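First comes the structure, then the notes that go with it.
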Amino acid sequence: MSVHAAILGCQGLRLSGEEIAFFRDVQPWGFILFRRNVESPDQVRALTAALRETVGRPDAPILIDQEGGRVARLGPPHWRRYPPSRAYGDLPANDPLLRREIARLGGRLLAHDLADLGINVDCVPVLDVPVPGSHDIIGDRAYADMPDRVAALGRAACEGLIAGGILPVIKHVPGHGRARADSHLALPIVDATHAELDAWDFLPFKVLSDMPMAMTAHVIFNAIDPQHPATTSRKVMRTVVRGLIGFDGLVMTDDLSMKALSGDFPEKARQSLAAGCDMVLHCNGDMAEMQGVIAGTRILSGRSAKRARAALSRLARAPEPFDVAEGRARFDAAFEGQWA
């Protein structure tokens with residue numbers, strides 16, 4: 001079966017006839033859900049089942065951004081709130097192993113919530129390391145302001161997700177922490193030297209280079225490629241992401257509808273894949289835009305298809321045994337009940 005190298009969104013709580021026909025025809029590799037797509041557990045389960053039915057693949061990836069804090073597509077009354085990533089790094093503990101334990105536990109609890117809904121990929125963890133003066137689009141989404149601690153807690157979160165049957169996506173490679181603009185709205189330009197970037201921004205991604213999936217940063221790094229953001233930069237993808245960082249997993253773009261990228265949707269999709277991304281992401285479910293994305297997207301093949309298969313092979317056949325009630329009690333005690 002020919003599958004397009006694309007992950008797409010849908011408009012509402014249920015698929016329209018037009019969406020069903022479109023997805024069945026173009027066969028995206030996967031899908032992504034947002035708040036507009038979630039109402040209740042039964043509704044989300046029905047939607048994830050319907051999405052997989054349109055492509056005829058029971059293992060089709062269904063993604064969500066469920067970080068905790070201000071980036072959470074699922075929330076009360078049906079789903080628990082989770083703290084922002086920074087809360088793990090700020091736990092008042094002398095022993096850093098405790099922070100790791102709670103970060104892993106948070107990932108395991110998230111995995112339990114998502115697996116129950118038919119979601120099998122979470123766009124977590126954020127491995128960006130903020131610096132003074134950077135835009136707060138990352139802010140408390142970062143585990144800490146030091147790359148070694150970001151790496152340690154990011155790995156713990158990944159371990160918890162994978163143990164619960166959910167694939168993590170490390171983001172935003174090779175680093176969004178220095179950006180002084182929100183790439184949803186504008187194109188950030190970073191002036192740090194190559195040595196500074198390598199020692200700071202790239203470090204967490206090097207440490208987690210064994211993870212199955214990564215999401216790009218729509219950021220220009222002047223020291224590497226002053227003309228193109230990382231997503232569409234062959235030089236960044238080859239020399240940094242695949243080279244210095246050593247990541248050989250599946251690389252997906254951040255959302256192509258973000259304002260940081262210029263050009264029409266076929267052009268943005270073509271440029272991203274030509275640069276070396278394996279997969280393009282389009283989130284808002286706009287049919288005309290999705291048609292444009294598909295027009296610029298190739299059939300998944302070659303090394304990209306191999307990476308996609310390898311990513312899905314990391315999904316456990318059964319989740320790690322887990323006492324959910326005990327895990328929640330331990331988690332809530334660590335945060336003194338403020339996130340219960």
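Points to keep in mind about this one:
- Taking region 123-148 as the range and being touching a helix residue (DSSP H, G or I) at 6+ places or on another chain (Cβ under 6 Å) and not in a loop (DSSP other than H, G, I, E, B) as the test, the residues that pass are V126, D140, R141, P147.
- Selection status of R57, in contact with a Leu (Cβ under 6 Å, 6 or more places away or on another chain), within 30 Å of V3 (Cβ to Cβ), surrounded by fewer than 20 Cβ atoms within 10 Å (Cβ to Cβ) and touching a residue at least 40 places away in the same chain (Cβ under 8 Å): no
- Residue count, region 306-340 (criterion: of a type outside the set (S, T, Y), under 30 Å from R270 (Cβ atoms) and free of Cβ contacts under 8 Å to residues at least 12 places away in the same chain): 2
- Only listed residue being surrounded by fewer than 23 Cβ atoms within 10 Å (Cβ to Cβ), out of contact with any helix residue (DSSP H, G or I) (no Cβ under 6 Å at 6 or more places or on another chain) and either of a type in the set (D, E) or free of Cβ contacts under 8 Å to residues at least 60 places away in the same chain (or both), chosen from D201, D254, D191: D191
- Members of region 253-278 found to be touching a Lys or Arg at 6+ places or on another chain (Cβ under 9 Å), not in a helix (DSSP H, G or I) and not small (G, A, S), listed by number: T253, D254, L256, L261, D278
- Qualifying residue in region 72-80 (condition: under 19 Å from the mean Cα position of the chain (by Cα), closer than 30 Å to G177 by Cβ, in a strand (DSSP E or B) and not basic (K, R)): yes
- Top-ranked residue of region 119-146 - restricted to ones that are in contact with a Leu (Cβ under 8 Å, 6 or more places away or on another chain) and surrounded by fewer than 24 Cβ atoms within 10 Å (Cβ to Cβ), ranked as farthest from A179 (Cα to Cα): N120
Where a number appears in this text, it was derived from the coordinates with a stated rule and is not lab data. Values in this document were obtained by computation on a predicted structure and should not be read as measured data. Every residue, glycine among them, receives a Cβ derived from its backbone with ideal geometry; neighbour counts consider all protein chains shown.
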